[in-house]
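Written out below as C-alpha cells is the structure these notes cover.
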Amino acid sequence: MVKLAEWRGKELFRRYGVPVPQGQVARSPDEAEELVRTGAVPLPCVVKAQVLAGGRGKGGAVRFANTPAEARAAAEATLGLDFKGETVKEILLEEKLAIGHEYYVSLTLDRNLRVPILIASAQGGVEIETVDDKAIDRQPVHPFPGLAAYEKRRAAKLFGLSGPTARSLDLLLDSLWRAFNQEDADLIEINPLALVGDRLIALDAKVVIEDDAVFRHPEYAEIRDDRTPLEEIAREKDIAFVQLSGNIGVIANGAGLTMATLDVLKEFGGDPGVFLDLGGTDDPKKVTEAFLLMAQAKPKAVFLNIFGGVTRCDTVATGLVEAMRQVPAADRFPLVARIRGNNEKEGIEILRAAGITATPGLKESAQAVVAAAQGRA
Ligand code: GDP
Ligand code: MN
C-alpha cells in the first residue's frame, strides 16, 4: 500500500480541483519560520505533523501559531517527535481557517460489493470509527458512469447544504471521483471537510494508492514513508519481505503458508520477526538474494517452511544450500527447515548433508527453532 502523507494528498487534491488551504511543507524550524515571515503561509496558521497515523488533533500533533516565532516554536515542538511509532520529519504549515462545520467524506473500494462506495457523514473531524453507524451514509457507486447526480444530492442533503454550497459539494465530489479513478486509489478520505463561510475545503487528506497499480504511477516509486531500508531493497529486487519486531526469521513459500507459519511460531512461544515469501520461485539467484537480505536483518534463528508443490523439495533444498553458502560466515544464522511435498525425502537429505536441521514435522521443527532463538538449542 502506498499511503500518501497529508501534504502529498493535498497536492493531489489541488491537481484535481479539490479546494485545500494555502500551505507548504517544512523540514526544519528555520524553514517553518521563514515560510510564515515571508507570507508564503498566512497567519494565523496551523502546524501539522506529517505522519501517517490519525488522531493528530487530539495527540498534540496539530498546533496553531499567530506569529513567526510561534510557528518556529510549534515546529520545534513537533519535528523529531515520536508519534505512534513514527518520527515526525516533515510538518505542513497552512493558513488557519474559521471552521463553520466539519463533515466526513470518502471514496473507497467495498470488497464485498466489489464496487467503489461513497461514504459521508455530517459528523466529521473525529475518527470515523467512533461515529455512530446510523450517522454514516454509504452509497455504492457504479464504476462506469461514476457518481450520479442523485448520489451527490443525497450527500448534500445529509450535510444540510443548498444553493451555491451544495453546488460546490457537487463539483468537489466530481473531482474526488476523478482522482480516485485516475490515481488508482484504494481510499481517498477527507476528514474534516470543512465549511468555511459558504465554501467547502479539505482540511485533511488521506490517500492510499492500490499496490497493484503502482507500476502505473512511477511518481510514487520514491515514496518510502513506511518501509524499512531492508524492505526497500527487497522491493527493488521484487522479493516479498516484511520486518516485524521479533527475532525469528521466517522463510516460506506462498503468502498463506507464510502467515500460518507466523501463527504456529507464536503458538509455541516464539517471536517471529522478519518474514520472507519465496512465492513460487526456486530460482537459485533469487533464493540467494533472499537469504542475504535475511542475514542483514540479524535474526536469532531462521525457520524455513517449504511446501514442495510445483517446485520440488529437492530443487528448493539444493538452492537453499547454495544460498546458505553465499552468506558470509559472520552473518550465518541457525536454520531449522520443515520441508514437505514432492520429493521431500531427497530434499531433507540434501539439507541434512549440509548440516541444516530438517524434518517434515511442523510441530517439532517449530519448537526447535523457538528453542534456538531463545538460546536453548
Ligand atoms: P487528524 O486528527 O490526524 O485526522 O488531523 P486533522 O488534519 O483532521 O486535524 C485535526 C483537527 O485539527 C481538525 O478536525 C480541526 O478541528 C483542526 N484543524 C485543522 N486545520 C484547521 C484549521 O485550518 N482551522 C481550525 N480552526 N482548525 C483546524
Ligand atoms: Mn483528519
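The values are calculated or read from the model by the stated rules, or taken from the named source; none is laboratory data. Quick caveat: nothing in here was measured; it's all calculated off a predicted structure. In this analysis, Cβ positions are derived from the backbone assuming ideal geometry, glycine residues included, and neighbour counts consider all displayed protein chains.
Scanning the stretch 1-23 for residues that are surrounded by fewer than 20 Cβ atoms within 10 Å (Cβ to Cβ) and part of a loop (DSSP other than H, G, I, E, B), which turns out modelled with the lowest pLDDT?
This residue is M1.
Of the residues that sit in the stretch 45-54 and are surrounded by fewer than 21 Cβ atoms within 10 Å (Cβ to Cβ) and within 28 Å of L171 (Cα to Cα), which one is nearest to the chain's Cα centre (by Cα)? Explain how you work it out, then say what you get.
Start the filter on the stretch 45-54 by keeping residues that are surrounded by fewer than 21 Cβ atoms within 10 Å (Cβ to Cβ), which leaves 52-54.
Of the ones still in play, those that are also within 28 Å of L171 (Cα to Cα) are 52, 54.
Details: L52: 8, G54: 13 Å.
Result: L52.
Quick test for you: out of R14, R27, R72, R37, pick the one residue that is more than 13 Å from ligand 1 (Cβ to nearest atom) and under 30 Å from Y150 (Cα atoms).
The unique qualifying residue is R14.
Can you tell me how many residues within the stretch 127-145 are part of a loop (DSSP other than H, G, I, E, B) and either closer than 20 Å to R199 by Cα or touching an Asp or Glu at 6+ places or on another chain (Cβ under 8 Å) (or both)? Steps first, please.
Filtering the stretch 127-145 down to residues part of a loop (DSSP other than H, G, I, E, B) leaves 127, 131-132, 141-145.
Remaining after also requiring either closer than 20 Å to R199 by Cα or touching an Asp or Glu at 6+ places or on another chain (Cβ under 8 Å) (or both): 141.
Count: 1.
Of all residues in the stretch 78-123, which are out of contact with any Leu (no Cβ under 9 Å at 6 or more places or on another chain), under 18 Å from A53 (Cα atoms) and of a type in the set (A, V, I, L, M)?
Passing the criteria: L79, L81, L92.
What is the one condition in (1) surrounded by fewer than 21 Cβ atoms within 10 Å (Cβ to Cβ); (2) farther than 25 Å from P360 by Cα that A255 does not satisfy?
Only one criterion in (1) surrounded by fewer than 21 Cβ atoms within 10 Å (Cβ to Cβ); (2) farther than 25 Å from P360 by Cα is unmet by A255, namely (2).
Of all residues in the stretch 191-226, which are more than 16 Å from ligand 1 (Cβ to nearest atom) and either in a helix (DSSP H, G or I) or surrounded by 16 or more Cβ atoms within 10 Å (Cβ to Cβ) (or both)?
If the condition is that a residue be more than 16 Å from ligand 1 (Cβ to nearest atom) and either in a helix (DSSP H, G or I) or surrounded by 16 or more Cβ atoms within 10 Å (Cβ to Cβ) (or both), then I209, E210, D211, D212, A213, V214, F215, R216, P218, E219, Y220, I223 are the ones that fit.
Just give me the residues in the stretch 46-95 being over 20 Å from I223 (Cα atoms), hydrophobic (A, V, I, L, M, F, W, C) and not in a strand (DSSP E or B), in sequence order.
Listed by number, the residues that qualify are A61, A69, A71, A73, A74, A75, A77, L81.
Restricting attention to the stretch 239-257, which residues are without any contact (Cβ under 8 Å) to a residue 40 or more places away in the chain, of a type outside the set (G, A, S) and either closer than 12 Å to L304 by Cα or in a loop (DSSP other than H, G, I, E, B) (or both)?
So the first thing to find is which residues in the stretch 239-257 are without any contact (Cβ under 8 Å) to a residue 40 or more places away in the chain, and the list is 240, 242, 244-246, 255-256.
Going one step further and asking which of them are of a type outside the set (G, A, S), we end up with 242, 244.
Residue satisfying the conditions is L244 alone.
Going residue by residue through the stretch 165-176, is there one that turns out to be part of a strand (DSSP E or B) and over 17 Å from the mean Cα position of the chain (by Cα)? It would help to see each step written out before you state the result.
Start the filter on the stretch 165-176 by keeping residues that are part of a strand (DSSP E or B), which leaves none.
Among the residues of the stretch 165-176, not one is part of a strand (DSSP E or B) and over 17 Å from the mean Cα position of the chain (by Cα), which makes the answer no.
Could you go through the stretch 169-180 and let me know if any residue there is within 16 Å of ligand 1 (Cβ to nearest atom) and touching a residue at least 24 places away in the same chain (Cβ under 8 Å).
no
Within 24 Å of L97 (Cβ to Cβ) and surrounded by fewer than 22 Cβ atoms within 10 Å (Cβ to Cβ), is that true of R178? Give the steps one after another, and end with the answer.
On the way: within 24 Å of L97 (Cβ to Cβ): no; surrounded by fewer than 22 Cβ atoms within 10 Å (Cβ to Cβ): yes.
Criteria not met by R178.
Those residues that are of a type in the set (S, T, Y) and under 30 Å from R227 (Cβ atoms), I need them from the stretch 81-126; list them, please.
Those that are of a type in the set (S, T, Y) and under 30 Å from R227 (Cβ atoms): T87, Y104, S106, T108.
Out of the residues in the stretch 79-109 meeting the condition of being under 20 Å from V25 (Cβ atoms), surrounded by fewer than 19 Cβ atoms within 10 Å (Cβ to Cβ) and among the hydrophobic types (A, V, I, L, M, F, W, C), tell me which one is farthest from ligand 2 (Cβ to nearest atom).
This residue is L81.
Which numbered condition in (1) more than 30 Å from N181 (Cβ to Cβ); (2) away from ligand 1 (no atom under 16 Å from the Cβ) is the only one that F64 fails?
(2)
Looking at (1) within 23 Å of P21 (Cβ to Cβ); (2) surrounded by 15 or more Cβ atoms within 10 Å (Cβ to Cβ); (3) without any contact (Cβ under 8 Å) to a residue 40 or more places away in the chain, can you tell me which one V131 breaks?
(1)
Any idea which of I136, I119 is among the β-branched types (V, I, T), away from ligand 1 (no atom under 12 Å from the Cβ), assigned by TED's automatic domain parsing to the domain that holds L158 and surrounded by 18 or more Cβ atoms within 10 Å (Cβ to Cβ)? Before you say what the answer is, go through the steps one by one.
Details: I136 fails: surrounded by 18 or more Cβ atoms within 10 Å (Cβ to Cβ).
Testing whether each residue is among the β-branched types (V, I, T), away from ligand 1 (no atom under 12 Å from the Cβ), assigned by TED's automatic domain parsing to the domain that holds L158 and surrounded by 18 or more Cβ atoms within 10 Å (Cβ to Cβ) leaves just I119.
Does V88 count as within 10 Å of ligand 1 (Cβ to nearest atom) and outside the structural domain of E129 (by TED's automatic domain parsing)?
Details: within 10 Å of ligand 1 (Cβ to nearest atom): no; outside the structural domain of E129 (by TED's automatic domain parsing): yes.
No: the conditions fail for V88.
Just checking, how many residues over the stretch 25-41 are part of a loop (DSSP other than H, G, I, E, B) and surrounded by fewer than 21 Cβ atoms within 10 Å (Cβ to Cβ)?
First, pick out the residues of the stretch 25-41 that are part of a loop (DSSP other than H, G, I, E, B): 27-28, 38-41.
Filter once more, keeping what is surrounded by fewer than 21 Cβ atoms within 10 Å (Cβ to Cβ): 27-28, 38-40.
Total satisfying the criteria: 5.
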